[in-house]
Amino acid sequence: MISALRLFRKPLRLMGLFVATAALAACQGTGTATGPTMGGQTVQVAMLLPMSSQQGGDAVIARNLENAARMAVADLSGMSIEITVYDTAGDAARAANVAREAVAAGADVILGPLRSDAAAAVGVAVAGSNIAVLSFSNNTEIAGGNVFVLGHTFANTAARVVSYAAAQGRNRIVVAHGQNLAGDVARDAVLRAAQAASADIVSVVPYEFSQTGVIDAVPRIVTAVNETGANALMMTADSAGALPFLAQLLPENGLDIAAVKMMGLTRWDTPPQTLELSGLQGGWFAVPDPQATADFNARYTAAYSGPPHILGALGYDAIRAVGETAAATGRLGTADLTASTGFQGANGVFRLLSDGTNERAMAIAQVTQNQVAMIDPAPRRLGGLGF
């Protein structure tokens, strides 16, 4: 295995499991915006974040999530929202403990934790309290019941890319995916998206997640495209994994990228050098609403003297969902949170779904001369049946 093929992680790359150990709860300060809501009462928000985690980057992400959440409080005029931050230290058992503490202190809703194992533990810990948990994970395996995932999911991206491709006549699709958990989840997301869009998955080509595995899969992928008459190839790999190898080797082995549309489930613009790969020229992938993202990033930078972490936007989204729901219904039950046709998020319009996942408005991007060109804008509203 070479470094470019390190463990293929989901888009948020925050899905690892940790050994749970009990710890004491710690709590930080509060922030309040004034105005009536929840029957004239202040909405009590418990935010569970890994403030003292020793895992690299956790503390930075935690600060960004809190900062963005407080931005959202300020944006919700006429609302009264009080945020109390509880330190999980990046530990699932501690997260469960502080969640119970938050509920006992009168929390109306829980935002966080960051990682899926801690979010699952929190969901169990407060299951009997009728308190919703809006986690910052994108692991749909933990979604459902009282737990929501706010992170960007393969299912959401697949639905957007595949439905757009089908509408353009690119409806005979070969799927190439790594044989690991993330690759299997991505494959299944594409299969479901194709069924919803009336597109045909004409072949699925798995490959062993190693340099040799990718190289050996290239002729099999080309053969699958040629023998099935496919007019699109969906690659689930990202730039840190197999994508650069596939983008180089597939055209070298006879894949006609002028006739077969290359498509991806991951961000091809991260890092920007990925856009220089010749095999991706003309290809499609999905991105969050560029205008909404740029506006949020600019406001965050002005407020906190630096750009936000890519995950920081989820803190903003969580408060928007809570605030808009409370204002509309005066309640924060799971049914109330899923009743909206769309919240105004940092990366565009989104909504929470009854299965605990989310749907997000995304744009379709095309790689054109080593640059990103937006060829289909993100919707400003979400239809009743999604994309």
Practice item. Enumerate the pairs (first residue in the stretch 286-311 and of a type in the set (F, W, Y); second residue anywhere and outside any helix (DSSP H, G or I) and crowded, with 20+ Cβ neighbours inside 10 Å) with beta-carbon separation below 6 Å, excluding pairs fewer than 6 apart on the same chain, so at least 6 apart or on different chains. Key: F296/A346; Y300/P308
Review point. Under 7 Å by Cβ, and 6 or more places apart or on different chains, what pairs join a residue from the stretch 66-81 that is assigned by TED's automatic domain parsing to the domain that holds G345 and part of a helix (DSSP H, G or I) with one that is surrounded by fewer than 23 Cβ atoms within 10 Å (Cβ to Cβ) and at pLDDT below 95?
Key: R70/G31; V73/G31; V73/A33; A74/A33
Check your understanding: When both residues are 6+ apart or on different chains and their Cβ atoms are under 7 Å apart, which pairs have a first residue that lies in the stretch 159-175 and is in the same structural domain as M234 (by TED's automatic domain parsing), and a second that is aromatic (F, W, Y) and not in a strand (DSSP E or B)?
Key -> A159/F387; R160/F387; S163/F387
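Conditions (1) outside any loop (DSSP other than H, G, I, E, B); (2) touching a helix residue (DSSP H, G or I) at 6+ places or on another chain (Cβ under 6 Å), marked per residue:
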position: A95; (1), (2): yes, yes
position: R100; (1), (2): yes, yes
position: G106; (1), (2): no, no
position: L114; (1), (2): no, no
position: G128; (1), (2): yes, no
position: E141; (1), (2): yes, no
position: F148; (1), (2): yes, no
Check your understanding: Quick one: how many residues across the stretch 222-260 are under 28 Å from the mean Cα position of the chain (by Cα) and assigned to a helix (DSSP H, G or I)?
Key -> 6
Practice item. Please find, among L191, L243, the residue that is in contact with a Gly (Cβ under 8 Å, 6 or more places away or on another chain), under 30 Å from V349 (Cα atoms) and at pLDDT 95 or above. Key: L243
Review point. Could you say whether any residue in the stretch 167-177 is touching a strand residue (DSSP E or B) at 6+ places or on another chain (Cβ under 8 Å), crowded, with 23+ Cβ neighbours inside 10 Å and in a loop (DSSP other than H, G, I, E, B)?
Key: no
Practice item. Sort out for me the strands (runs of 3 or more DSSP E) sitting completely within the stretch 320-387 that have 1 or more residues that are among the hydroxyl-bearing types (S, T, Y). Key: 362-368
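The values are calculated or read from the model by the stated rules, or taken from the named source; none is laboratory data. Note that this is a predicted model, so its numbers are computed, not measured. Glycine also receives a Cβ, built like all others from the backbone with ideal geometry; neighbour counts cover every protein chain displayed.
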